[in-house]
Every structure is written in structure tokens, then in C-alpha cells.
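Laboratory data are not the source of any read-out in this text; all were calculated from the coordinates shown. Every value quoted in this text rests on a predicted model; they were computed, and no experiment measured them. Backbone-built Cβ (ideal geometry, glycine too); neighbour counts: all protein chains shown.
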Amino acid sequence: MSHVLVTGGAGFIGRHVTAALLAAGHDVRILDSGHPAAHKRPLPPDIHGVPVTHADLRDADTVGAALDGIDAVVHQAAMVGMGVDLADLPAYVGANDLGTAVLLAAMASAGVRRLVLASSMVVYGEGAYECPVHGPVRPAPRDVADLRRGEFDPRCPRCAAPLDPMLVDEDAPLEPRSVYAATKVAQEHLSAAWAAGTGGTVAALRYHNVYGPGMPRDTPYSGVAAIFRSALAAGRPPRLYEDGAQRRDFVHVSDVAQANVAALESTAAGAAAGGLRAYNVASGRPATVGELATALTAALAGPAPIVTGEFRAGDVRHVVASPARAAAELGFTATIPPAEGFAAFADAPLRG
Ligand code: UD1
């Protein structure tokens with residue numbers, strides 16, 4: 001049994017992580033800022049019976065006090081998603097990077113040597129691709145003129161042939177393409193520096209597209225699954241950007257929670273003391289955004305999805321993950337296949 005501090009423990013993923021840690025017999029403490037992007041209502045006094053300390057990670061005194069007697073930190077607190085516009089930039093960097101820096105400094109001084117970090121697949125930018133002629137290649141960001149013409153798939157930088165999407169593994173180069181993505185890369189690097197300086201260990205869990213009960217309703221910070229749910233609840237069809245054939249790995253939040261428990265308990269996680277080890281947290285079964293929309297519409301007998309041809313600046317086309325390292329080193333394999341998870345999510349409660 002470990003004494004664990006869960007940051008962001010009142011959020012969508014943090015609540016599931018808290019429940020899974022408790023079920024695994026750990027003692028849990030929660031710190032959460034109640035950030036308005038994630039919480040439209042005041043924070044509850046407790047989550048699953050665990051009292052919530054309402055504080056921002058940048059409040060060094062409160063963070064230091066919360067670490068008293070703690071063996072490990074499971075760091076979920078962050079501003080997520082695409083945000084509204086670049087006016088969000090200081091808020092993302094402040095919450096995600098300065099917040100993490102204050103947390104790491106407090107852990108260093110409190111002697112806490114174990115960290116499970118909620119990272120993200122956004123650190124990769126585009127997923128992995130292979131050219132039929134030139135083998136593995138890294139495409140440049142898509143050209144807006146191509147997107148306007150409806151050419152959504154990245155092309156080979158050498159011969160312009162259409163590329164095949166491949167499974168991205170943890171050794172892929174980091175290429176953040178949004179403010180949020182840049183803050184997640186920075187969190188990984190700051191945590192690695194902390195590990196090197198303290199002899200601590202970090203498991204960086206690169207979550208793919210997480211969905212499930214308790215997901216926040218439609219906000220500029222929500223993922224597509226919640227956006228589609230909110231549209232259907234209002235009697236509107238899901239609107240597919242591009243042609244709806246873009247692929248993601250949608251992973252159920254209860255599997256994500258189990259990955260956190262596995263990372264906390266695994267002696268292999270973090271590899272050697274003083275290091276960071278990254279893990280994809282994914283279902284291992286890619287789906288298109290269109291398949292997600294069709295599954296939700298079918299389960300709710302809602303209006304059929306509309307292919308809009310619209311696109312979001314900076315969106316990547318396909319990111320599908322290899323779950324092999326987490327299986328081999330953490331013993332974590334997702335248990336909920338997307339078809340089953342999407343059907344259950346169709347009428348799962350969302351958080352207002
Ligand atoms: C983005 C974030 C990711 C975050 C996730 C959920 C970046 C680069 N990525 O990932 O970190 O975890 O949001 O907050 O910051 N789509 C539609 N219709 C819609 C909305 C979205 O077709 O109404 C499409 C998008 O164009 C995209 C896919 O759905 O192709 C997934 O979008 P989204 O859920 O926002 O996730 P990501 O872009 O994968």
C-alpha cells in the first residue's frame with residue numbers, strides 16, 4: 001500500500017484514477033484547483049470519500065503540506081485540449097508547466113521519489129507513417145491549400161505518394177504542434193530533470209484519446225466524444241471535420257485509471273532510478289472519428305453524422321498507438337474494445 005497524492009483528482013480522469021487507486025488498496029489524497037475550464041460547479045468536498053484540498057499547484061506552501069507522508073504523486077492536473085485561441089497561452093503554461101515545476105520542487109524537498117505523470121499522445125504531433133517507396137517518413141504539417149481541396153492525408157516528403165498510417169511507439173520523435181502539446185513535452189522534460197536530480201523515477205503515461213463516463217460536456221477544451229454526445233443530446237447530428245476518416249486510438253477512462261495503478265505499482269516503471277520512461281496508454285484498436293460518430297448515433301437513434309469537409313488549424317490526421325511497451329513493462333492492456341466502450345458511452349452520464 002502506498003500513500004499517493006493525486007493532483008487533479010476531482011477532474012474527469014482524476015476521479016477514475018482515485019477510484020482505481022482506492023480499489024487497489026492505496027491511501028489517496030487529492031489536490032485540485034477546480035479550474036473553471038474543467039469545473040463549471042464548485043468542487044465537491046470529497047471524491048469517493050477522499051477529502052479534496054482545493055488549491056492551485058502554484059501554491060507552494062499548500063503543495064508542500066499536501067506531500068507530508070506521501071510516497072508517490074500521480075499528477076493528472078492540467079489544462080487540456082485545443083483551447084480557444086493564443087490568448088490561452090499564458091494560462092496553459094502557467095497551470096501545466098509552472099504548476100509542475102512547483103510540484104517537482106516540493107517533491108524534491110519532501111523526499112518523494114516516485115511520479116506517475118499524465119502525459120499525452122499530443123507530444124508526437126502527427127503519428128507514424130510509411131511511404132510505399134521510401135519506408136518510414138515524417139510528413140510536414142499539412143498544407144492549408146491541400147486541406148481546402150479536400151486532400152487530408154499527409155504525403156511523402158520525398159515523392160508526394162499517399163502515406164500509410166503506422167502505429168506510433170514511444171521512441172518516436174517529439175513534435176508538439178499546439179500550446180497544450182508544448183506544455184506536455186515540457187512536463188516530461190521537467191520531470192526527467194527532476195528524476196535525474198533526485199534519483200526519482202517517472203512513468204510518463206501518454207494518454208491517447210480518453211473518453212468515458214463523467215467526461216465534461218461540450219467546452220472548447222473537450223474531446224470529440226463529448227462534443228458528439230452534446231450534439232446528439234440537443235438533437236443535432238455529429239459534425240465530422242475533414243472526411244471523418246481521421247484515425248485515433250480512443251481509450252476508455254477506466255482503462256486509463258488501471259494504467260495509472262499499474263504504473264504506480266510496477267517496479268519496472270521509470271526503468272532505472274533517476275530516469276523517465278514513457279508509455280502509450282491506448283486501446284491498441286484504432287478507430288476513425290466517423291466510426292465513433294456512427295456508433296454514438298446508432299446507440300441513441302440520433303441523426304446521422306454530417307461530413308463537413310471543415311478542418312481545424314493544427315489538427316493532425318492520424319495518431320494510432322502501439323500499446324506494446326505498456327503491456328510488456330507495466331503489464332497493462334486495455335480491456336474495453338472501442339465498439340463496446342462507444343455503445344456504453346452513448347448514454348453514460350457527463351459532467352456539467
Ligand atoms: C486534442 C488535443 C489532445 C486532447 C484532445 C481532447 C491537441 C493537438 N490535441 O486531440 O491533447 O487530449 O484534443 O481534449 O491539442 N473532430 C470532429 N468534429 C468535432 C470535433 C473534433 O470531427 O466536432 C475531429 C477533429 O478534427 C480530430 C478528431 O475529431 O480529427 C479528434 O479531435 P479531439 O477530440 O479534439 O482530439 P485531438 O485533436 O486528437
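Quick look at the numbers
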| quantity | calculated |
| --- | --- |
| Neighbourhood charge, 14 Å Cβ-Cβ cut-off, centred on A282 and excluding it, Lys, Arg +1 and Asp, Glu -1 | +1 |
| Top of T100, T294, T267 by mean-square fluctuation, Gaussian network on the chain, Cα under 10 Å | T267 |
| For q = 0.06, 0.08, 0.14 Å⁻¹, Debye-computed log10 I/I(0) when each Cα of the chain counts as one equal scatterer | -0.21, -0.37, -1.17 |
| The range 1-114: relative contact order as a whole-number percent, Cα under 8 Å and 6+ apart | 31 percent |
| With Cα atoms, 0 to 90° folded angle of helix 99-110 axis to the chain main axis | 30 degrees |
| Residues V6, V28, V261 arranged by fewest to most Cβ contacts within 10 Å | V261, V28, V6 |
| Net charge, V50 excluded, C-beta distance under 11 Å - Lys, Arg +1, Asp, Glu -1 | -1 |
| Environment charge of H3, counting only residues whose C-beta is closer than 12 Å and scoring Lys/Arg +1, Asp/Glu -1 | -1 |
| Highest-MSF residue in the chain out of R114, R149, R206 [GNM, Cα springs under 10 Å] | R149 |
| Beta bridges by DSSP in the chain, antiparallel share as percent, to the nearest 5 | 25 percent |
| Rounded tilt (10° steps) of 12-23 against the dominant C-alpha axis of the chain | 50 degrees |
| Y207 long-range amide H proximity, modeled H, under 5 Å | S119, S120, M121, V281 |
| Residue among P165, P90, P237 with the largest mean-square fluctuation in a Gaussian network model of the chain, springs linking Cα atoms under 10 Å | P90 |
| Fraction of beta bridges assigned by DSSP in the range 3-134 that are antiparallel (%, nearest 5) | 10 percent |
| Between the range 193-227 and the range 140-155, the alpha-carbon center distance in angstrom | 28 Å |
| Amide H within-cut-off set for G275, under 5 Å, with H built and near neighbours excluded | V202 |
| Relative contact order %, the chain, counting alpha carbon pairs below 8 Å whose residues are six or more apart | 19 percent |
| For the chain, calculated [θ]222 nm from helices alone, where every DSSP H run of n ≥ 4 adds -39500 (n - 2.57) | -8500 deg cm²/dmol |
| Packing-based exposure ordering (other Cβ within 10 Å, fewest first) of E310, E126 | E310, E126 |
| Ranking of I227, I47 by count of other Cβ atoms within 10 Å, fewest first | I227, I47 |
| Karplus 3J(HN,Hα) series, Hz, for the range 42-55 with 6.51 cos²θ - 1.76 cosθ + 1.60 (x for Gly, Pro) | x, 4, x, x, 8, 10, 6, x, 8, x, 9, 7, 8, 7 |
